[in-house]
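See structure below.
Only the coordinates and a few stated rules stand behind these numbers; no lab work does. Computed from a predicted structure; not experimentally measured. When we count neighbours, we look across all protein chains shown, and the Cβ atoms used for this are built from the backbone with ideal geometry, even at glycine.
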Amino acid sequence: MAKQSSVRQLAARAVTRVANGESLSVVLPALQEKLAKKDQPLLAELSYGTLRYYHKLDAWLKFLTEKPLKDKEQDIHNLILVGFYQLFYTRIPAHAAIGETVQATRTMGKAWARGLVNGILRNAQRRLDELKELEDRSPVCGWSHPKWMINTIKRAWPDHYESILTGNNQQPPMTLRVNEQQFQPSRYMKKLLDDCIEGKLSPIAPQGIVLNRPVPVDKLHKFSEGAVSVQDESAQLAATLITPKPGDHILDACCAPGGKTCHLLELNPDITVDALDADGYRLERVGENLNRLDLTANVLCGDATDPDSWFPGKLYDHILLDAPCSATGVIRRHPDIKLLRTAEDIEALAELQQKILRAIWPLLKPGGTLLYATCSIMPQENHLQVKRFLSETAGAKLLPIKGKWGHDTGFGKQLFPGNSGQTSSNGDGFFYSLMVKTESS
C-alpha cells in the first residue's frame, strides 16, 4: 500500500498526465486504487483543484523561478503546483502542506529536488502579495484560463464573460433528479431532511434538488432502488423540452452515459427509446443506469453520422441530439478541459455537429421535433450552428422554448455555468434549440 505522502506524488502524476493529453476522468480512478480508501478523496481534491487553478499556479511558478524546470522534470513542476494549491486553496496547515509535498520528492525517487520544492513553496508564502499583483497584470493568471479561451469567451459574451470565467472556477453543487415514478420532489426533500441532508428545489428543473453539500450516493434514500439520480439541473431540462405522446418512438443520439435517456423514460413510461452512442464502453454505463432505474431502452452502438449502419428503419417522432462538443459549459466539473481543449477543436467539433445534424434529420417524421443540445458555451457550436442548419435545410423550423431561464440567442437558449444572474439556478453551461420538421417537407 502506498504511503500517505504519495498522495501528493500521485496528484502530481495526475496533473502531468492531463498536461500530456489524458482525461482526468480516465487517469484518476486508476491512481486512486494505489491508495487506501481514506486517502482517495484527498487525491481527487488535489488533482481537481490543481487543474482548476493550473494556469494561475503555473504563472506563479514562472514568476518565482529564474528559469523553468527542464521538460524531463515536469513531474516536479506539477508537484510544486500541487503544493501551491494546498497552501492557498485548502485548509491543510501550511507546515503539513509543505512537509508532505517535500517528502513526495523521495517517493518519486527525486530527493535532489527536496530543497528546490521546499524553497519555492516557502518563497511563495513570503511573496503572496506579489503573486496577487500578478493576477491583476495577467488575464491568464487572474482568470486561470488559457489565453485563447479567455479571448474567445470575451468576444462571444462581452456582457457575461466575467461571470462565465468566475463560474468555471467554482466547485459545482451536487444536484439530484427525483424519479417521479416513485416520489414527488417535495416529498423526497423531506426524506433527505430526515437523514440530515439539506438542499433546495431547483428553480429551473422540475425534478431537481440542489444539495447544500455533496454526499455519497449510498447515503441517499432509496438510491439503489432508483428513486433518485445525480444529474445537473441544466442537463435535466433536456427531457422536459420533449413532449411525446404515449407510444411515440424517440431517438436519443450520442446518449452516453444515459442520464437524459433515463429521464425521458421516467417522465414518459409509455414511449420507446433507441439509445445510440458510438462508444461501446460508455454504453455499458447506459445499461447500468437503465438497470438501476428498472427502465428499458433499445441500446444501439453506432456512429450518428452513418445511420445506414444502425438505423432500425422506423422513423422517429422525436430526436434528442446531445451533440459531441467542447464541453466548455462544464469546466467547473471537468477542469482538465482548460488544458485539453484547443481553439482548433471548436471548429472541428462544429463541423462534426453539422454532419450529425444532416445525417439524422432524415430519420425524423414530418411533424416531429428535434432537440439540439450541447454542454458548450461556444456560439459556433450552438446558436450559430442552428442558424446555419435552418438556413440550409428545407422544412426545418425553429420552435420557441418556454421557461424563465437562459439567454435567448434567437436560435435557442444558452445557459451559462454557475449563478450568472440569469436565474437563481446554479447549473452547468448548456444550450438548447428545438426544431420541428414541417408536415410539407
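In sequence order, segment 83-90 has phi-based couplings of x, 4, 4, 4, 5, 10, 10, 10 Hz under the Karplus curve 6.51 cos²θ - 1.76 cosθ + 1.60, θ = phi - 60°, and Gly or Pro positions carry x. Please work out, to two decimal places, the log10 of the ratio I(q)/I(0) at q = 0.12, 0.16 Å⁻¹ from a Debye calculation in which every Cα of segment 1-135 carries one identical scatterer. One equal scatterer on each Cα of segment 1-135 leads to -0.41, -0.75. If you run the Gaussian network model on the chain, springs between alpha carbon atoms under 10 Å, then out of 167, 83, 367 the most flexible one is 367. Here segment 39-114 is described by how far its Cα atoms reach on the three principal axes: 32, 27, 20 Å, from widest to narrowest.
Label-to-label distance, residue 94 versus residue 384, with points set 7 angstrom from Cα along the beta-carbon direction: 4.7 nm. Place a label point 7 angstrom from the Cα of residue 22 along the Cα-to-Cβ direction, then list the residues of segment 318-343 whose backbone nitrogen is under 17 Å away. Residues 335-337, 339-341 fall inside that zone.
Which whole-angstrom value gives the distance between the alpha carbon centres of segment 315-374 and segment 129-189? Here the answer is 21 Å between Cα centres.
Spin-label model, residue 358/residue 126: points 7 Å from Cα along the beta carbon direction are separated by 6.3 nm.
The mean of 1/r over all pairs of different alpha-carbon atoms in the chain, once inverted, gives a Kirkwood hydrodynamic radius of 23.4 Å. The orientation-averaged shadow of the Cα convex hull for segment 233-437, equal to a quarter of the hull surface, comes to 11.1 nm². When the helices of the chain are scored as -39500 (n - 2.57) per DSSP H run of n ≥ 4 and the total is divided over every residue, the value at 222 nm lands at -13500 deg cm²/dmol. Remark on segment 175-230: Rg and Dmax equal 9.8, 26 Å (Cα only). All distinct Cα pairs of segment 338-429 go into the 1/r average, and the inverse of that average, the Kirkwood radius, is 14.7 Å. Here segment 198-346 has an Rg and Dmax of 16.3, 49 Å, counting Cα atoms alone. Subtracting the Cα-Cα distance of residue 38 and residue 298 from their residue separation scaled by 0.36 nm leaves 89.7 nm. If you wrap segment 29-77's Cα atoms in a convex hull and average its projection over all directions, what's the area in nm²? Across all orientations, segment 29-77 yields a mean hull projection of 4.3 nm². Normalised by residue count, segment 159-265 yields a Cα convex hull volume of 139 Å³ per residue.
Residues in segment 237-243 carry Karplus couplings, in order, of 5, 3, 5, 7, 8, 9, 10 Hz; the curve used is 6.51 cos²θ - 1.76 cosθ + 1.60 with θ = phi - 60°, and Gly or Pro positions show x. Straight distance only, please: which lysines reach the Cα of residue 67 with their own Cα at less than 24 Å, same-chain residues fewer than 8 apart left out? Here the lysines satisfying the reach criterion relative to residue 67 are 56, 110, 132, 147. For segment 269-282, backbone phi angles converted through the Karplus equation (6.51, -1.76, 1.60; θ = phi - 60°) give residue-by-residue couplings of x, 9, 10, 10, 10, 9, 9, 10, 7, 7, 9, x, 5, 6 Hz, Gly and Pro being listed as x. Contact order, relative form, for segment 6-144: 29 percent (alpha carbon pairs under 8 Å, 6 or more residues apart, mean separation divided by residue count). Bridge orientation summary for the chain: considering DSSP beta bridges with both residues in this region, about 55 percent are antiparallel. Within a straight-line Cα-Cα reach of under 23 Å, residue 245 can be paired with the following lysines, leaving aside sequence neighbours fewer than 8 residues apart in one chain: 260, 314, 365, 397, 402, 437.
For residue 316, the amide hydrogen comes within under 5 Å of the amide hydrogens of 364, 365, counting only partners 5 or more places away or on other chains and with H modelled in the peptide plane. Among beta bridges identified by DSSP and lying wholly in segment 233-437, the antiparallel ones come to about 40 percent.
Principal axis extents of the Cα atoms in segment 288-381, from largest to smallest and rounded to whole angstrom, are 41, 34, 24.
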